[in-house]
């Protein structure tokens with residue numbers, strides 16, 4: 001079944017991020033550098049778009065700063081949102097009301113981020129993102145590269161893109177853009 005997600009494509013120089021993603025992110029070729037605000041879910045595109053528009057009417061653009069590295073519960077290395085983290089988290093919470101309320105995962109904390117790479121010892125399964133053992137050597141190597149790269153970016157979150165993902169997780173296509 002087709003799934004939709006809502007993401008922000010930050011307007012930054014992505015060169016250093018993509019150097020890491022080229023080596024460590026199994027989804028590098030599927031989608032550009034992004035911050036997910038609504039995670040993939042099955043939905044009627046029209047109804048989802050109307051919900052998003054309704055929520056975004058109350059929002060205006062805001063500045064975010066991507067800096068700081070965190071290892072997630074499911075063995076992903078994240079470049080995290082520091083400045084603007086509270087605002088993007090509130091936006092996430094606002095979006096997961098009404099139509100999206102049943103899809104909100106309360107067992108996982110929302111961490112606004114850009115994924116840099118996956119470091120589990122088994123292939124990542126997006127349909128069951130439970131923790132698997134960490135490949136410590138590979139993770140240590142990537143963390144050192146990320147720290148050396150001094151990843152620190154500032155941009156404005158002023159638009160979000162609705163993207164469509166196919167069943168096989170082999171293609172992600174932007175279908176609509178929303179301006180805050």
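Coordinate-derived values only; no laboratory data. Fair warning: this is a prediction, and the values are worked out from it, not measured in the lab. Cβ coordinates were reconstructed from backbone atoms using ideal geometry, including for glycine residues, and neighbour counts include every protein chain displayed.
Here are some notes:
- Using the Cβ-Cβ distance between residue 136 and residue 63 with R0 set to 35 Å, the FRET efficiency from 1/(1 + (r/R0)^6) comes to roughly 0.50.
- Separation between Cα centres of the range 105-170 and the range 44-69, rounded to whole Å: 20 Å
- Every helix of 4 or more DSSP H residues in the chain counts as -39500 (n - 2.57), and over all residues that averages to -8000 deg cm²/dmol at 222 nm.
- For the chain, a Kirkwood hydrodynamic radius built from all Cα pairs, placed in the Stokes-Einstein relation at 10 °C and 1.306 mPa s, yields a translational diffusion coefficient of 94 µm²/s.
- Measuring max minus min along each principal axis, the C-alpha atoms of the range 1-57 give extents of 37, 28, 11 Å (largest first).
- Stretchable slack from residue 166 to residue 28, in nm (0.36 nm times residue separation minus alpha-carbon distance): 48.1 nm
- Placing a label point 7 Å from the Cα of residue 46 along the Cα-to-Cβ direction, no residue of the range 1-32 has its backbone N under 16 Å from that point.
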